[in-house]
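Student: Pasting a structure below so you can have a look.
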Protein chains: 2
Amino acid sequence: MKRYQDMTAKELADAKAVLLERYQKFKDMKLSLNIARGNPSVQQLDMIMPMMDVINSDTDCRDKYGTDARNYGALLGLQEAREFFGELLGTKLEETIVVGASSINFMYDCLSRAMLKGVLGSDKPWGKYDKIKFICPVPGYDRHFGMCEFFGIDMIQVQTDEEGPDMDVIRKYVENDETVKGMWCIPKFSNPLGITYSDRVVKELANLKPAAKDFRIFWDNSYMVHHIYGDVQLLNILDECKKAGNPDMVYMFGSTSKITMAGSGIGFFGASEANIKFTESQVKYETISWDKMNMLRHVRFLKSQGGVENVMKKHAEILRPKFDAVFRVLSRELEGKGAGTWTRPKGGYFITFMANDGTATRINELVKACGVTMTGPGATHPFHHDPDDRYLRIAPSFPPVEELEPAMEVFAVCAQIATIEQLEAKA
Amino acid sequence: MKRYQDMTAKELADAKAVLLERYQKFKDMKLSLNIARGNPSVQQLDMIMPMMDVINSDTDCRDKYGTDARNYGALLGLQEAREFFGELLGTKLEETIVVGASSINFMYDCLSRAMLKGVLGSDKPWGKYDKIKFICPVPGYDRHFGMCEFFGIDMIQVQTDEEGPDMDVIRKYVENDETVKGMWCIPKFSNPLGITYSDRVVKELANLKPAAKDFRIFWDNSYMVHHIYGDVQLLNILDECKKAGNPDMVYMFGSTSKITMAGSGIGFFGASEANIKFTESQVKYETISWDKMNMLRHVRFLKSQGGVENVMKKHAEILRPKFDAVFRVLSRELEGKGAGTWTRPKGGYFITFMANDGTATRINELVKACGVTMTGPGATHPFHHDPDDRYLRIAPSFPPVEELEPAMEVFAVCAQIATIEQLEAKA
């Protein structure tokens, strides 16, 4: 197959005519397909339903330390749950807080408290600076960027490759600017690229010498066990930070939103013991305790009936055919044509399509007009602005394969049309 | 019975000797009793356990509008839950948000967002003022005061009587000081007095003409349906605010923490439609959605199996003998003796003891030395400082009656000893 870039005007016009014919056929089908949302599918949720039998009216609701999960108390979470999720995060009991259903909410909360009161070691609340800045690896997660936007935090965009974000750029900012207070990371199966930070990147992050003594890495490890194609290892950044003499530099977050149920799972937080004590001194003002019944339900289900690894294998079995379908259609339709490239993540929830620069918005337009909804262009960048108009996020998890295939075919056709349109416009 | 205040020195000494003998006997019993915490008892929690059977692995988890409670989405809560809890609050769907397990947490969150970003109609975030102030009816709830303390908000203490807080004082501050931004209220079965705001007080609150256009009443209606001795009515403040042309002035909060399970219940928020829209525009940054499975569980249980009123009757049956026991012991031991008075609430979770001024701390010391734990003196006031050293909160809900009786007897003996000690010191 010839690359579109190598075709003559005639060849391009012929190819375009064929593509437009296919496009019209799809349009006539009046499709309504959605590859926008990183939601688990009904099949995945059904698979988790046995968790709902773990607690019934006959259940003894005390954890193994005798705490009644039904009553107030245990601000940092049910001890049994702290131990369980701490093991998942790679933290000890004293380094772990188990919270409510949303880890995103606890990230927001940590940031909000930092703005209002500061973190351990702050001279003043972050909100008292004229301006503070966060390192934002791109492409990245719109909800992280949204929080910075909401709080008026400047976002320093740092490009990510298959090993992680560009450490030279990060060092330059973090080590020379006292107003750089934090950094967002999705270190494993990152949203949206699907890459996992290499050992080198994790070690270099842990060895940063921040100008701000209250700099924090927000380590959103949402996809820590979300393997689809074999195992992928990520270094424990808290361990690395301790070795580097920076034990307080990292806040780790995780949740079961994509292990058990999305939005009805359990969030958890890991950090140095000093950070945990400091956090406790703040969160005691904001709640009496988080939902311990759901903690108990999770621990008992994941321990006895499921086993995290076992549950994640079942998720992978449901997700793999969907990822396969995306890779299959993209390879078949686009391989070697110069109409864009894509990531091949080994886990997580997303595949990223790198369109030819300046065509992502047009591809999305074409796709949308054909009844296929995808995450809008720019969502991967601060303020929804992708300067190269390049990145499009594909979320294969929710639709069944029989919807995913035509959706991806539409997508591939549109990527080619947009490529040809751009080449013709340049000619 | 003669009042201690009317006794001669000899009579006081004789009475004290008898009391000290009783005190010593209690001390020798090495009691370990707790009347400190407003926690539901195990009996109450057991009564709610059938809620745990409402959702099992076979349950269809879509609400009646078809929303799958197991997945992300519905930022403002499952519609069926918004309708249900809105009815409880006296708000329409568009005036209701259903949140996570803790209404205290949502109060904190509303305050935190107000500090960082302001509320609807704010010229600037509350945190950008040199100082803002809150009206704090006293005696009141330590967690409300704690939030103000945490955020550095000045607390204006306003005395509460059986109708509610002193409206003349409130008007003076709210209508003349632009930095008075908010007010805490527990309008029904208030913590700790157990009083319910009269219609006059609710109407006068609704008719305030605040100097600050972004003044908010934080209406913590935690005990809205928590009747123990017959029905008590409270006006709907949102309705009154609308009538008064102040629809945006109130934030209403409620939860099922003491309807179903403490800490594993459902929190909800009611306000004008404009406030809800504004709140949505902020909370969209902080979470994807709250735990809708727990919402579904609650709605299905409280609708079909329980019925809020029915459940609350069962709670009342468990709580009434405990409140009875407190009243019985206090009456028997203290009536007419001039050693303190106490409230007789018709619902809620607390009884307040008004000691003779300057003796609350001493009573608590004596009680503690005898193995009885109660809420510390001062907890009812900002910064844990009760200027008159008068108020002690009794929480009868958790211990069984057979522990409550001796605890209250110890308490009554200590109140008398402290009274005599004070009279002797003055003599």
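The values are calculated or read from the model by the stated rules, or taken from the named source; none is laboratory data. Note that this is a predicted model, so its numbers are computed, not measured. Glycine gets a Cβ as well: all are built from the backbone with ideal geometry, and neighbour counts include every protein chain shown.
Student: If A:THR373 passes every condition in (1) among the polar types (S, T, N, Q); (2) within 24 Å of the chain's Cα centre (by Cα); (3) in the same structural domain as A:PHE189 (by TED's automatic domain parsing) but one, which one does it miss?
Tutor: Every listed condition holds for A:THR373 apart from (3).
Student: Which number in (1) more than 13 Å from chain B (Cβ to nearest Cβ); (2) among the charged types (D, E, K, R); (3) surrounded by 18 or more Cβ atoms within 10 Å (Cβ to Cβ); (4) under 30 Å from A:ALA379 (Cα atoms) marks the one condition that A:GLU83 misses?
Tutor: (4)
Student: Of all the residues that make up the stretch A:221-265, how many are small (Gly, Ala, Ser) and away from chain B (no Cβ under 14 Å)? Lay out the reasoning, then the answer.
Tutor: Step one: of the stretch A:221-265, the residues small (Gly, Ala, Ser) are A:222, A:230, A:244-245, A:254-255, A:257, A:262-265.
In the following step, the residues that additionally are away from chain B (no Cβ under 14 Å) were identified as A:230, A:244-245, A:254.
The number of residues fulfilling the criteria is 4.
Student: Name the one entry in B:THR380, B:THR361, B:THR352 that is in contact (Cβ under 8 Å) with a residue 24 or more places away in the chain and part of a loop (DSSP other than H, G, I, E, B).
Tutor: On the way: B:THR361 fails: part of a loop (DSSP other than H, G, I, E, B); B:THR352 fails: part of a loop (DSSP other than H, G, I, E, B).
Exactly one of B:THR380, B:THR361, B:THR352 is in contact (Cβ under 8 Å) with a residue 24 or more places away in the chain and part of a loop (DSSP other than H, G, I, E, B), namely B:THR380.
Student: Hey, another quick one. In the stretch A:280-308, how many residues are at pLDDT below 95 and within 23 Å of the chain's Cα centre (by Cα)?
Tutor: Looking only at that region, the number is 1.
Student: Considering the stretch B:237-277 alone, what residues qualify as being outside any strand (DSSP E or B), closer than 24 Å to B:TYR349 by Cα and not polar (S, T, N, Q)?
Tutor: Taking the stretch B:237-277 first, the residues outside any strand (DSSP E or B) are B:237-249, B:256-266, B:271-277.
The next check asks that each one be closer than 24 Å to B:TYR349 by Cα; those that pass are B:237, B:256-266.
Listed by number, the residues that qualify are B:ILE237, B:LYS258, B:ILE259, B:MET261, B:ALA262, B:GLY263, B:GLY265, B:ILE266.
Student: Here is a follow-up. Out of (1) more than 24 Å from the chain's Cα centre (by Cα); (2) farther than 30 Å from A:TRP184 by Cβ; (3) of a type outside the set (Gly, Ala, Ser), what's the single condition that is false for A:PRO321?
Tutor: Against the list (1) more than 24 Å from the chain's Cα centre (by Cα); (2) farther than 30 Å from A:TRP184 by Cβ; (3) of a type outside the set (Gly, Ala, Ser), A:PRO321 comes up short only on (1).
Student: Tally up the residues in the stretch B:391-421 that are surrounded by fewer than 21 Cβ atoms within 10 Å (Cβ to Cβ) and in contact with an Asp or Glu (Cβ under 9 Å, 6 or more places away or on another chain), please.
Tutor: Of the residues in that region, 2 qualify.
Student: Ok, one more. Could you check how many residues of the stretch B:1-60 are assigned to a loop (DSSP other than H, G, I, E, B) and within 14 Å of chain A (Cβ to nearest Cβ)? Walk me through how you get there before you give the answer.
Tutor: Going residue by residue through the stretch B:1-60, those that are assigned to a loop (DSSP other than H, G, I, E, B) are B:1-3, B:7-8, B:29-32, B:35-41, B:54-60.
Next, from what is left, pick out any that are within 14 Å of chain A (Cβ to nearest Cβ): B:36-41, B:54-60.
The total comes to 13.
Student: Working only within the stretch A:46-68, note down all residues that are touching a strand residue (DSSP E or B) at 6+ places or on another chain (Cβ under 7 Å) and touching a residue at least 24 places away in the same chain (Cβ under 8 Å).
Tutor: If we filter the stretch A:46-68 for residues that are touching a strand residue (DSSP E or B) at 6+ places or on another chain (Cβ under 7 Å), which is where we start, we get A:61-62, A:68.
Selection gives A:CYS61 alone.
Student: OK, next. Quickly run through the stretch B:385-414 and pick out the residues that are touching a Phe, Trp or Tyr at 6+ places or on another chain (Cβ under 8 Å) and assigned to a helix (DSSP H, G or I).
Tutor: Residues of the stretch B:385-414 touching a Phe, Trp or Tyr at 6+ places or on another chain (Cβ under 8 Å): B:391-397, B:406, B:409-411, B:413-414.
Answer for the stretch B:385-414, where residues must be touching a Phe, Trp or Tyr at 6+ places or on another chain (Cβ under 8 Å) and assigned to a helix (DSSP H, G or I): B:PRO406, B:GLU409, B:VAL410, B:PHE411, B:VAL413, B:CYS414.
Student: Let me ask something else about it. I'm trying to understand the selection: among the residues of the stretch A:258-270, which are of a type in the set (A, V, I, L, M) and at positive phi? Talk me through it step by step, then tell me what you get.
Tutor: Our first condition is that a residue be of a type in the set (A, V, I, L, M); within the stretch A:258-270, this holds for A:259, A:261-262, A:266.
Within the stretch A:258-270, none qualify.
Student: Could you list, in sequence order, the residues of the stretch B:203-227 that are under 30 Å from B:ARG320 (Cα atoms) and part of a loop (DSSP other than H, G, I, E, B)? Lay out the reasoning, then the answer.
Tutor: Of the stretch B:203-227, the ones under 30 Å from B:ARG320 (Cα atoms) are B:218-227.
Residues satisfying the conditions are B:ASN221, B:SER222, B:TYR223, B:MET224, B:VAL225, B:HIS226.
Student: How many residues, within the stretch A:8-58, are surrounded by fewer than 16 Cβ atoms within 10 Å (Cβ to Cβ) and of a type in the set (Ser, Thr, Tyr)?
Tutor: Residues that pass the stated criteria total 3.
Student: When you go through B:LEU296, B:LEU334 one by one, which is the residue that is away from chain A (no Cβ under 14 Å) and crowded, with 17+ Cβ neighbours inside 10 Å? Reasoning before the result, please.
Tutor: On the way: B:LEU296 fails: away from chain A (no Cβ under 14 Å).
From the options B:LEU296, B:LEU334, the qualifying one is B:LEU334.
Student: Based on this model, can you work out whether A:CYS110 counts as under 27 Å from A:HIS226 (Cβ atoms) and within 12 Å of chain B (Cβ to nearest Cβ)?
Tutor: On the way: under 27 Å from A:HIS226 (Cβ atoms): yes; within 12 Å of chain B (Cβ to nearest Cβ): yes.
Answer is yes for this residue.
Student: Given the criterion farther than 23 Å from A:LYS346 by Cα, free of Cβ contacts under 8 Å to residues at least 24 places away in the same chain and small (Gly, Ala, Ser), identify the matching residue among A:GLY127, A:GLY118, A:GLY146.
Tutor: Values: A:GLY127 fails: free of Cβ contacts under 8 Å to residues at least 24 places away in the same chain; A:GLY118 fails: free of Cβ contacts under 8 Å to residues at least 24 places away in the same chain.
After ruling out the rest, the residue left standing is A:GLY146.
Student: While we're on this one: Scan (1) in a loop (DSSP other than H, G, I, E, B); (2) at pLDDT 95 or above for the single condition B:GLY230 breaks and write down its number.
Tutor: That leaves (2) as the condition not met.
Student: I would also like to ask the following. Restricting the search to the stretch B:278-292, which residues are facing another protein chain (nearest Cβ under 8 Å), assigned to a helix (DSSP H, G or I) and under 15 Å from B:GLN79 (Cβ atoms)?
Tutor: B:LYS292 - this is the single residue of the stretch B:278-292 that is facing another protein chain (nearest Cβ under 8 Å), assigned to a helix (DSSP H, G or I) and under 15 Å from B:GLN79 (Cβ atoms).
Student: Go through (1) within 13 Å of chain B (Cβ to nearest Cβ); (2) touching a strand residue (DSSP E or B) at 6+ places or on another chain (Cβ under 6 Å) and name the single condition A:ALA271 misses.
Tutor: All conditions are met except number (1).
Student: Could you list, in sequence order, all residues of the stretch A:149-173 that are touching a residue at least 60 places away in the same chain (Cβ under 8 Å) and of a type in the set (Asp, Glu)? If you could, list the steps in order and put the result at the bottom.
Tutor: Keep residues of the stretch A:149-173 that are touching a residue at least 60 places away in the same chain (Cβ under 8 Å), which gives A:149, A:155, A:157.
Within the stretch A:149-173, just A:GLU149 meets the criteria.
Student: Is one or more of the residues making up the stretch B:314-322 in contact (Cβ under 8 Å) with a residue 60 or more places away in the chain, of a type in the set (Gly, Ala, Ser) and in the same structural domain as B:LYS203 (by TED's automatic domain parsing)?
Tutor: Filtering the stretch B:314-322 for residues in contact (Cβ under 8 Å) with a residue 60 or more places away in the chain gives B:314-316, B:318-322.
Next cut, of a type in the set (Gly, Ala, Ser) only: B:316.
This time we only want the ones that are in the same structural domain as B:LYS203 (by TED's automatic domain parsing), so: none.
No: the stretch B:314-322 contains no residue that is in contact (Cβ under 8 Å) with a residue 60 or more places away in the chain, of a type in the set (Gly, Ala, Ser) and in the same structural domain as B:LYS203 (by TED's automatic domain parsing).
Student: Also: When the residues of the stretch A:69-80 are narrowed to those that are surrounded by 23 or more Cβ atoms within 10 Å (Cβ to Cβ) and at the interface with chain B (Cβ under 8 Å from one of its Cβ atoms), which ends up nearest to A:GLU286 (Cα to Cα)?
Tutor: Filtering first and then ranking leaves A:ASN71.
Student: Now for a different question. Filter the strands (runs of 3 or more DSSP E) completely within the stretch B:106-202 down to those with at least 2 residues that are assigned by TED's automatic domain parsing to the domain that holds B:ASN275, surrounded by 19 or more Cβ atoms within 10 Å (Cβ to Cβ) and within 14 Å of the chain's Cα centre (by Cα).
Tutor: Numbers: elements: B:133-138, B:154-161, B:180-185.
Answer list for the stretch B:106-202: B:133-138, B:180-185.
Student: May I pose another question? Would you check if B:ILE104 is at the interface with chain A (Cβ under 8 Å from one of its Cβ atoms) and at negative phi? Step through it out loud before you land on a result.
Tutor: Working: at the interface with chain A (Cβ under 8 Å from one of its Cβ atoms): yes; at negative phi: yes.
Spelling it out, B:ILE104 is indeed at the interface with chain A (Cβ under 8 Å from one of its Cβ atoms) and at negative phi.
Student: For the stretch A:312-325, does any single residue satisfy the condition of being among the aromatic types (Phe, Trp, Tyr) and under 20 Å from A:ASP231 (Cα atoms)?
Tutor: yes
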